[in-house]
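Notes follow once the structure below has been shown.
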Amino acid sequence: MSHPDIVIVGSGLFGLTVAERCAEELGLRVLVLERRHHLGGNAYSERDPETGVEVHKYGAHLFHTSNERVWEYANRFTAFTDYRHKVFGKYQGQVYSLPLNLALINQFFGRSHTPDEARALIAEQASEFDTASATNLEEKAISLIGRPLYEAFIKGYTAKQWQTDPTELSADIITRLPVRYTFQNGWFSDTHEGLPVDGYTAWLTRMADHPNIEVRLETDFFDVAENYKGKVPIVYTGPVDEYFGSSEGRLSWRTVDLEESVVETDDFQGTGVVNYNDQDVPYTRIIEFKHFHPEREKTHLPGKSVIVHEYSRFAEEGDEPYYPVNTAEDRAKLLKYRELAQAEPMVLFGGRLGTYQYLDMHMAIGAALSMFDNKLKPHFTEGAELK
Ligand code: FDA
């Protein structure tokens, strides 16, 4: 495509949603530039050639939303299975059902509690610190759920996630630690939940399957920027600091090392996700992908399974940026980048990297639909200024 009407940098869910809307609703010629060898951003997945199991290449992706518009939109490109996500956590040789709930409380304290008894127990244990005056993450967590549950289910896991002792972490990192005083152990509480029936890549490929959309893979925007900057509207979903040459300093991220292996068993752990809460176990979680699609059992090679050990650490240059660290210093830099972004002519910044925000998939789609409605459509149909 030599003369696109709009250029989208990044083919993740944010970029593809904007691309699809611009092509389908406005009839624009859309060029999507993607520096990886595949489209789809972090939601990308592939079938493991040996076992036939679909592997989420950038960490487990479970779709859930209570946003009706996003649900309706996603369903235009894929149907969803009725998968309901559950997470289990290992601690000192026992397996508990997460999130913190009545089954876990009963098992952990070794006796049955009614919801009111459990509430009273946790309130009493949580009284050790006052939430408002907690000076670090440990004190805040104890003020919310008490020391015993904190030490078992938060302390070791958080220390591994952040490579930092929780007494050294800011209390702001957590706002709530919800405890369910019921046996409900579904991980999400959204209206809609499920996994794309024929996989993420089929879904994402259908979004881009439009005669007006060209996705150019293995193309870094910065190598071709001069062809488009100032000449055509650009929606940029890469890292905001990178766009400005890190002029205000680099924003900090955590990354996850994903160690994938094929194991010689039909079923390694009996469920999709098991968290490892003990601090002396180096990984945070093990994912076993075949459990996300029990309906595909016949397509999986018997006697084998694909698992991934996850290790969390601070991202260095060249690592995949996954979760914003969001220190006070990062927030100060971000404000400066936002000012620069605001002043950048004909460029809109979006998505998780472009806004330095953790966004679930449904949030990325919702934000892209809003950008289309509020900025791109008025620009292309009424000549409104792009900013
Ligand atoms: P995304 O990162 O997907 O896409 C950005 C794209 O831009 C990338 O493909 C990148 O290569 C490209 N790019 C960047 N710079 C470029 C340049 N200069 N030139 C060309 N291309 C460039 N959500 C959820 O709902 N349920 C879940 O279970 C999970 N699980 C999960 C696990 C982990 C480990 C992470 C990190 C994230 C999740 N998510 C999630 C969140 C989900 O991944 C997120 O919502 C989407 O990736 C957001 O899509 P974006 O398009 O914003 O970014």
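Summary of computed values
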quantity	calculated
Hypothetical label at Thr175: residues of the stretch 327-362 whose amide nitrogen lies under 16 Å (7 Å Cα-Cβ projection)	327, 357-360
Ratio Rg/Rh, restricted to the stretch 282-336 and using Cα atoms, in which Rh is the Kirkwood radius	1.22
Accessible surface of the stretch 100-173 [probe 1.4 Å, protein heavy atoms]: carbon and sulfur percent	48
Solvent exposure of the chain as accessible area per residue, Å², 1.4 Å probe	46
FRET efficiency, 1/(1 + (r/R0)^6) with R0 45 Å, evaluated for Glu382 and Glu260 via beta carbons	0.35
FRET E, pair His3, Arg111, Förster distance 56 Å, beta-carbon r, rounded to 0.05	0.20
Trypsin sites (Lys or Arg not before Pro) restricted to the stretch 38-81 and DSSP loop, no more than 16 other C-beta within 10 Å	Arg76
Label-point gap, in nm, between Glu218 and Glu242 - each point 7 angstrom along Cα→Cβ	1.8
Restricting the stretch 51-144 to chymotrypsin sites (Phe, Trp or Tyr not before Pro) in coil, as DSSP defines it, with at most 13 other Cβ within 10 Å	none
Longest DSSP-loop-exposure-free segment, GluC sites (Glu not before Pro), the chain, at most 13 other Cβ within 10 Å	129-217
For the chain: relative contact order, % (alpha-carbon pairs under 8 angstrom, 6 or more apart)	25
The chain: calculated mean residue ellipticity at 222 nm from DSSP helix runs of at least 4, using -39500 (n - 2.57)	-8000 deg cm²/dmol
Whole-Å semi-axes of the ellipsoid equivalent to the chain (Cα gyration tensor, √5λ, descending)	39, 26, 19
Relative contact order computed over the stretch 253-314 (Cα-Cα under 8 Å; 6+ residues apart), in percent	52
Sites matching trypsin sites (Lys or Arg not before Pro) across the stretch 82-182 that sit in DSSP coil, with at most 16 neighbouring C-beta atoms within 10 Å	Arg84, Lys86, Arg111, Arg176
For a label point 7 Å along the Cα-to-beta-carbon line of Thr205, residues of the stretch 14-40 with backbone N under 13 Å	38-40
FRET efficiency estimate (nearest 0.05) - Cβ-Cβ, Asn227 to Asn136, R0 56 angstrom	0.65
Tail fraction, Cα-Cα pairs, the stretch 253-314, threshold 15 Å, whole percent	53
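The values are calculated or read from the model by the stated rules, or taken from the named source; none is laboratory data. Keep in mind that what you see is a predicted model, and the values were worked out from it rather than measured. With ideal geometry, Cβ positions are generated from the backbone for all residues, glycine too; neighbour counts draw on all protein chains shown. These area figures cover heavy atoms from the full protein model, side chains too; ligands, DNA and RNA do not enter into them. Shrake-Rupley method; radii C 1.70, N 1.55, O 1.52, S 1.80 Å.
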